[in-house]
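A.B. asks: I have a structure here, written as structure tokens, and I will follow up with some questions on it.
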Amino acid sequence: LRKNVEDFTGPRERSDLGFVTFDITADILNGKNGLQTYRNKNTLIIFDWNVKQLFLYLSAEYSTKNNALNQVVLWDKIMLRGDNPRLSLKDMKSKYFFFDDGNGLKGNRNITLTLSWNVVPNAGILPLVTGSGHVSVPFPDTYETTKSY
Amino acid sequence: AAMLSLDFLDDVRRMNKRQLYYQVLNFGMIVSSALMIWKGLMVVTGSESPIVVVLSGSMEPAFHRGDLLFLTNRIEDPIRVGEIVVFRIEGREIPIVHRVLKIHEKQNGDIKFLTKGDNNAVDDRGLYKQGQHWLEKKDVVGRARGFVPYIGIVTILMNDYPKFKYAVLFLLGLFVLVHRE
């Protein structure tokens, strides 16, 4: 699981707005997070008979002066049983505006991006699983006013 | 069929008063037990409505109209992005089932969050009350922990077609009264 990002901040009204571009390479098939891997089977273990779909989301987690914990979903995707379980997305822009509640993005050195997913069964429990391999991203100290998005 | 209905009426006439009262008490017991189970669920899950029926298609393809959701609402469980929450907007009765998109939590645990339906193009700000930008813990009915498809269709049918509801209740009552154990 690897992610690379570039980032800029821009003030909008009175809250910081962050821009993040990222690559996601994920191999959901071989996830080792609480799900067993069978080394000699070629089966789709995560997508077993009771898994209807996975709701994947990339979230940014960080702390600011205003708020001890902030989590923002930047991007999400629904992966149905039968879809290609390997993701290789490059140069993705965030699907949702990355607004902070205040001005906590400027100069924030520690924004953690994590890929997680919600397993939706045909019937039964709805667990949330976090992927391994989160990436820490710093935002610069200054605002970019001329960046086109 | 005519023979069947005659037998049924004979049965009722043959029951003397004592047996009738017994059956009514039986019926009362069943209703109380059901209520107790429901209240017990409310206590265990911490939610005022531990089982809800999905009413709209805004969470498709995960959930469809008629699916049944099992909720918990324990205060110790923090609200985090990606979770499926069932919430009520102030002044509205109908609970909405959507996913948490954004949270901002203060040191003392006060949290404000934004939701969005998987199948909707935009977040729920437009659904919230006039001037309301965020949801808070108090708006939450519970977090979806498990689900069963289709079964809730019965409650939707009973709501949309009241005659159907009365028919079901009438048949149930009849069955209990007539069934002698």
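Derivation of every value follows stated rules applied to the coordinates shown; laboratory data play no part. What you see is a predicted model; the values in this text were computed from it and never measured. Cβ coordinates were reconstructed from backbone atoms using ideal geometry, including for glycine residues, and neighbour counts include every protein chain displayed.
A.B. asks: Within 10 Å of each Cβ in peptide B:77-85, how many partner chain Cβ atoms are there on average? Round it to a whole number, please.
C.D. replies: Working: counts 0, 1, 1, 6, 13, 14, 3, 5, 0.
For peptide B:77-85, the averaged partner shielding equals 5.
A.B. asks: Using a ≥ b ≥ c from the Cα gyration tensor of the range B:114-181 (square roots of the eigenvalues), is it rounded, prolate or oblate, where a/c under 1.5 gives rounded and otherwise the larger of a/b and b/c decides, a/b for prolate? All intermediate terms of the calculation are to be shown ahead of the outcome.
C.D. replies: Values: a/c = 3.00, a/b = 2.74, b/c = 1.10.
Prolate, since a/c reaches 1.5 and a/b exceeds b/c.
A.B. asks: Over the Cα atoms of the range B:51-149, what is the Rg over Rh ratio if Rh follows Kirkwood?
C.D. replies: Numbers: Rg = 12.8 Å, Rh = 13.7 Å.
In the range B:51-149, Rg relative to Rh is 0.94.
A.B. asks: Considering every pair of different Cα atoms, what Kirkwood radius, in Å, is found for the range A:74-113? Show your work: numbers first, answer last.
C.D. replies: Numbers: mean 1/r = 0.0756 Å⁻¹.
Hydrodynamic radius (Kirkwood, Cα pairs) of the range A:74-113 is 13.2 Å.
A.B. asks: Please give the contour-minus-distance gain from B:Tyr21 to B:Gln107: 0.36 nm per residue of separation, less the Cα-Cα distance, rounded to one decimal in nm. It would help to have the intermediate numbers written out before the result.
C.D. replies: Working: separation 86, 0.36 × 86 = 30.96 nm, distance 6.01 nm.
Length difference between fully extended and current span is 25.0 nm.
A.B. asks: Would you mind giving the mean number of other chain beta-carbons within 10 Å of the Cβ of each residue in A:70-81, as a whole number?
C.D. replies: On the way: counts 5, 11, 6, 10, 2, 0, 6, 0, 5, 0, 1, 0.
For this peptide, the per-residue mean of nearby foreign Cβ atoms is 4.
A.B. asks: Something else now. For B:Leu69, what charge total do you get from the other residues with a beta carbon under 10 Å from its beta carbon, if Lys and Arg give +1 and Asp and Glu give -1? Write down the numbers at each step before the final one.
C.D. replies: Values: positive: B:Arg143, B:Arg145; negative: B:Asp67.
The answer is +1.
A.B. asks: Once you have the Cα-Cα distance between B:Val148 and B:Arg65, take 0.36 nm times their residue separation minus that, and quote the gain in nm to one decimal.
C.D. replies: Roughly 28.7 nm would be gained on extension.
A.B. asks: In nanometres, what is the gap between the two model label sites at B:Leu174 and B:Ser32, each 7 Å from Cα along Cα-to-Cβ?
C.D. replies: 2.8 nm
A.B. asks: Given 0.36 nm per residue, what is the gain on full extension from A:Lys77 to A:Trp49 after removing their alpha carbon distance, in nm? Each step should come with its number before you reach the end.
C.D. replies: Working: separation 28, 0.36 × 28 = 10.08 nm, distance 2.06 nm.
Full-extension gain reported as 8.0 nm.
A.B. asks: Per residue of A:93-102, how many C-beta atoms from partner chains lie within 10 Å of its own C-beta, taken as a mean?
C.D. replies: Numbers: counts 0, 0, 0, 6, 2, 1, 3, 2, 8, 1.
Average per residue, whole number: 2.
A.B. asks: So if I average 1/r over every pair of distinct C-alpha atoms in chain B and take the inverse, what Kirkwood radius in Å does that give? It would help to have the intermediate numbers written out before the result.
C.D. replies: Working: mean 1/r = 0.0515 Å⁻¹.
Computed over Cα pairs of chain B, the Kirkwood hydrodynamic radius comes out at 19.4 Å.
A.B. asks: For a 30 Å ceiling on Cα separation, which of these pairs sit above it: A:Lys77/B:Lys129; A:Lys52/B:Lys39; A:Lys77/A:Lys106; A:Lys93/B:Lys106; A:Lys52/A:Lys90? Please list the in-between numbers first.
C.D. replies: Working: A:Lys77/B:Lys129 28 Å; A:Lys52/B:Lys39 32 Å; A:Lys77/A:Lys106 28 Å; A:Lys93/B:Lys106 28 Å; A:Lys52/A:Lys90 26 Å.
With Cα atoms farther than 30 Å apart: A:Lys52/B:Lys39.
A.B. asks: If each residue's Cβ is checked for other Cβ atoms within 10 Å, how do B:Trp38, A:Trp75, A:Trp117 rank with the fewest at the top? It would help to have the intermediate numbers written out before the result.
C.D. replies: Values: B:Trp38 12, A:Trp75 20, A:Trp117 25.
In increasing order of surrounding Cβ atoms, one gets B:Trp38, A:Trp75, A:Trp117.
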